[in-house]
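Computed from the coordinates by the stated procedures, all read-outs in this text should not be read as laboratory data. The shown structure was predicted, so the numbers you read here are calculated from the model rather than taken from an experiment. Because the Cβ atoms are built from the backbone with ideal geometry, glycine has one as well, and the counts that use them run over all protein chains shown.
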Amino acid sequence: MSDPRVRLMVAQGVARLAFARPDRRNALDHAMWEAIPALVAEAMRRPDVRLLLLASDVPGVFSAGADIAEFAARSPDPQWRARNRQAIRAAQQALAHAPKPTLAVVDGDCVGGGCGLVMACDLRVASPASRFGITPARLGLVYPLHDTKLLVDLVGPSWAKRLLLTGTLVDGATAERIGLVTELAADPDARARALVEELLAASADSQRWTKAVIARVLAGQADDDAETNALFEGAFDGPDFRMRAEAFLKRRRHPE
């Protein structure tokens, strides 16, 4: 049964995965975490989807993070803790390993687990009013290694320590400056629409292969191997390259 607080809508090549829990500022409980991987998988599986947007249907807030009330009530049960940790990890990994481009749109507070999901996306657009924070230090908890690596990959170890050791929130301008946000825009939805057009205009094959190569770099690979060489060489024989190269040459011969 689908969870109405986590919605997937598809239109014009774009899958939009949005949170809708206004009474709790989009705090993510266990059921919501569990719903995310299947929805991401559906978007990646559909041939009519070119990219995925991660957003909020609640004005002024992206997500307050994990549902602390639920966690406080259920965390004494070690089996529930293990299931919940796996659900959160699966949600982040679904986004982090998505073969199609992912774009998070943030307007408002983006905290804890919500920030972790945004970090797992390829691109992040936010408003100046947005605030970002990862707050286990405020609760006496420890951030998992996988999540910490996502943060370090984006902002470097110094700012990762600053965010994790204090648990304090930073504003949108700071988030952009340190690399937590890709772009800051007064109207993040409008900027996201423009980015979507740019992404849709590019080659889906190239995007998929490029994401695979970047994942290898982030995992520590420093030089080509047989598989990455095959990706590079194989692209020249693909129909997408031939079609796009012919279109480029035609435009150069016959400029408007």
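Table for the structure above
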read-out: Efficiency of FRET from Cβ geometry, A69 and D205, R₀ 41 Å, rounded to 0.05; value: 0.35
read-out: Integer Hz, Karplus 6.51/-1.76/1.60 couplings in order for region 75-91, x for Gly and Pro; value: 5, x, 8, x, 5, 5, 4, 5, 5, 5, 4, 5, 5, 5, 4, 5, 5
read-out: R0 of 41 Å, Cβ-Cβ distance A186-D225: FRET efficiency to nearest 0.05; value: 0.40
read-out: Simple Cβ-charge dipole of region 203-253, Lys/Arg +1 and Asp/Glu -1, about Cα centre, in debye nearest 20; value: 580 debye
read-out: Candidate lysines for bridging to K100, where Cα separation is under 25 Å - those fewer than 8 sequence places away on the same chain excluded; value: K149, K211
read-out: Inter-site label distance for R216 and A20 at 7 Å from Cα along Cβ, in nm; value: 4.1 nm
read-out: Taking M119, M243, M44 and counting other C-beta atoms within 10 Å, the order from fewest to most; value: M243, M44, M119
read-out: Average Cα contact separation per residue, the chain, under 8 Å, 6 or more apart, as relative contact order %; value: 15 percent
read-out: Beta bridges by DSSP in the chain, antiparallel share as percent, to the nearest 5; value: 30 percent
read-out: Karplus-derived HN-Hα couplings along region 11-26 (A = 6.51, B = -1.76, C = 1.60, θ = phi - 60°), whole Hz, x at Gly and Pro; value: 7, 6, x, 10, 9, 10, 9, 10, 8, 8, 9, x, 5, 10, 6, 6
read-out: Calculated from backbone phi, Karplus (6.51, -1.76, 1.60) coupling profile of region 30-44 in Hz, x at Gly/Pro; value: 4, 5, 5, 4, 5, 6, 5, x, 5, 5, 5, 4, 4, 4, 5
read-out: Förster radius 35 Å - calculated FRET efficiency between M44 and E233, Cβ distance, rounded to 0.05; value: 0.85
